[in-house]
Every structure is written in structure tokens, then in C-alpha cells.
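S.K.: Could you have a look at this structure, given as C-alpha cells, before my questions?
The values are calculated or read from the model by the stated rules, or taken from the named source; none is laboratory data. Computed from a predicted model, the values in this text were never measured in an experiment. When we count neighbours, we look across all protein chains shown, and the Cβ atoms used for this are built from the backbone with ideal geometry, even at glycine.
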Amino acid sequence: MAKKKQPSFRSEPLAEALAEQDMAKVAFALRNDSFVVPLMKPRTSDKPTAEQSADVWLYRAPDTGKVALLLFSDAKNKPEALPPFVALHKGLWLHDFLRTHGSEIDTVFFDIAGPHPLQAPAAEIMRVLDI
């Protein structure tokens, strides 16, 4: 029996869109490719349940209490200070996640530590995913 191919924890379309700082291309990449999401603990299956969506690691600013969702074009761009666990997701997951938790999330950061960071309000990400 052949081994299952390991997924690539990199999105070339998202990386290119971030390099160009082009929000339309970022939206296209989110809708049509995968991206890396940091997790608080490892997943137990390839198909996350609603309970496991709560395991997404979110950043809360200590001074304002505002919450940010961090997404990455490549697992290598995730800062070492974050939990070591990641998942690959697609736009439909992000749309559902923001529909459920978006009122709590102020900002979505992409590749926050570089090489080409970008941020957008969670409501704007929802809007571009609705198109």
C-alpha cells in the first residue's frame, strides 16, 4: 500500500499575493487555495469538528483586549513563539469560522512576522469571501 502524500504547508498563490500586497489576489488565494492556521493543540483528525475549530490560536492584545486571527502562507512563516501546531484550511472553513467567531475578531493578520505582512479587518475578509 502506498503512503499517503503529506500536504504542503505552503500556499504559493497566497505568498505571491502578499508579496504584491494585493488584497484582490489575497481574496482569490483564500477562496481557491489553502492557508496555514495556528492551533492551541494538535488535531485528532483531518476533518475538524466544530469543537476543534475552537482550538484555533487567537492573539488578544493585552492593552486593548482586541482579538486577531493569524493566518500564514507558509508554516515556516509562523513565529516560534506561537504554539507548534498548525492546520491547513481553505476559504470555506475561514468563511464559516468568521461567521461563527467574527464578532469577537477585530483583525486578520497574514504572515505577521513577514516576509510580507498584511492585515485586514475581519469584516473585510468576510466580505471578500462572500463574493
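S.K.: Please state which of the following conditions Phe35 fails to meet, knowing it meets all the rest: (1) within 20 Å of Asp130 (Cα to Cα); (2) modelled with pLDDT under 90.
M.R.: Failing condition for Phe35: (2).
S.K.: Take region 102-115 and flag every residue that is buried (at least 16 other Cβ atoms within 10 Å of the Cβ) and either touching a residue at least 40 places away in the same chain (Cβ under 8 Å) or in contact with a Ser or Thr (Cβ under 8 Å, 6 or more places away or on another chain) (or both).
M.R.: Selection gives Ile105, Asp106, Thr107, Val108, Phe109, Phe110, Asp111, Ile112.
S.K.: Another question, then. Which count do you get for residues in region 43-81 that are modelled with pLDDT of 95 or more, closer than 21 Å to Ser103 by Cβ and among the acidic types (Asp, Glu)?
M.R.: The total comes to 1.
S.K.: Out of region 76-101, which residues are surrounded by 17 or more Cβ atoms within 10 Å (Cβ to Cβ) and either farther than 12 Å from Leu18 by Cβ or β-branched (Val, Ile, Thr) (or both)?
M.R.: Lys78, Leu82, Val86, Ala87, Leu88, His89, Gly91, Trp93, Leu94, His95, Phe97, Leu98, listed by residue number.
S.K.: So, one more: Which of the residues that make up region 77-114 are part of a loop (DSSP other than H, G, I, E, B) and either in contact with a Cys (Cβ under 8 Å, 6 or more places away or on another chain) or acidic (Asp, Glu) (or both)?
M.R.: Glu80, Glu104, Asp111 - these are the residues of region 77-114 that are part of a loop (DSSP other than H, G, I, E, B) and either in contact with a Cys (Cβ under 8 Å, 6 or more places away or on another chain) or acidic (Asp, Glu) (or both).
S.K.: Tally time: how many residues in region 13-28 are farther than 17 Å from Val86 by Cα and crowded, with 23+ Cβ neighbours inside 10 Å?
M.R.: Final tally of qualifying residues: 3.
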